[in-house]
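Any read-out appearing in this document is the output of simple, stated calculations on the displayed coordinates, not a laboratory observation. For clarity, every value in this text was computed on a predicted model and none was experimentally measured. Neighbour counts are summed over all protein chains in view; Cβ atoms, including those assigned to glycine, are modelled from backbone coordinates with ideal geometry.
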Amino acid sequence: MCVKHLGRYDAFALTEVKTGEIEVLDFSESASSRECVERTIGEYVAPTYVGGAKSRDYSALVERLVRMGHESPFEFIRCGWERDDNARALGIEEVIKRWNPTIGDILKRKVLTVKVSTSIVVARQWVRHRTFSFAERSRRYVSGERKPFSFYFPAEAGNKAIVKDIIGDVYDYAVDGYAELRESGVKAESARFVIPVGVETEFLVQGTVEAWFNFLALRTDKHAQADIRVIAELIVDVINTLPDLEGFREELINYAPTYVLKAPPEFRPAREKLVKAFLRRLGLGW
Ligand SMILES: Cc1cc2nc3c(=O)[nH]c(=O)nc-3n(C[C@H](O)[C@H](O)[C@H](O)COP(=O)(O)OP(=O)(O)OC[C@H]3O[C@@H](n4cnc5c(N)ncnc54)[C@H](O)[C@@H]3O)c2cc1C
């Protein structure tokens, strides 16, 4: 198996308003053979790019991505890459080395990969965390007819009648406008300008312990917006309870003290506070 599905989880706010959904994926075997590299990219990463594979000929798709300079899908292929000599023929190894110059080290690091469905509001905040790798479903190539739009209500105010009424009306109006534009021949990439930021998007996010630590500490903090905080808290729960993530959890816990000690002295008290709160969420006092 190239990519293992470890589980799908729903994120709810304190109220019944849904704020997102995650699926935890294990990419650790994805680089074990050329077939796995192509299948992982073809089935999981590239559907978000250039409309995905037209057929199950993932080999052609991968070559097309390399030719077009779409290198970021290859960031997802990390572990054990050097085992696959065949891959050199594709030139993918060179692409990956450019992203990961310390190939022997970084590619063997543990990563956590999560597929997230949530609003563009949350996604917009999430992509500020640059040390992750991302692949987001294209709304240039995947039109509203091919995949109808879904929308979210804000976690903290979404149950108020006035919020639901007004936002709901705007969503209806936007979808009608989109359909009208499409019917008059406007491309999906242009028609989407009418769609509000509460619309659902879907993206894959992969990161090392450092990237996840930084994200989870900042986004489970009380200052984070509730919509992203609920999802971050859900990910911490999953890390705490999913047996497959035990190794990752241990690395995360070991990293935390190192993280604080490496901080310049003037930042240590603030970071220590963040780290302590985060470790408490992982069920540990520190
Ligand atoms: C509560 C809250 C409120 C926020 N409000 C705002 C806001 O009003 N406006 C706004 O613009 N942002 C805002 N942000 C986003 C915030 O400033 C960060 O961009 C975001 O949290 C990502 O954090 P990071 O840079 O540590 O993460 P990452 O991008 O994952 O970076 C991790 C570490 O690597 C370093 N790093 C990464 N890439 C580079 C690079 N290219 N060059 C040098 N160092 C790099 C970072 O400095 C950081 O130390 C907010 C975040 C939170 C949690």
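Structural remarks
- Residue-wise HN-Hα coupling along the range 208-215, computed from phi with Karplus coefficients 6.51, -1.76, 1.60 (Hz; x: Gly, Pro): 7, 3, 4, 5, 5, 4, 4, 5
- Pairs with C-alpha atoms separated by more than 26 Å, drawn from the list Lys115/Lys147; Lys160/Lys222; Lys18/Lys222; Lys18/Lys187; Lys110/Lys276; Lys110/Lys222, are Lys18/Lys187; Lys110/Lys222.
- Cα centroid separation, the range 210-275 to the range 119-135: 16 Å.
- Computed magnitude of the charge dipole of the range 113-210 (debye, nearest 20; Cβ of K, R +1, Cβ of D, E -1): 400 debye
- From phi via Karplus (6.51, -1.76, 1.60), per-residue ³J(HN,Hα) for the range 271-279 in Hz, x at Gly/Pro: 5, 4, 4, 4, 5, 4, 4, 5, 5
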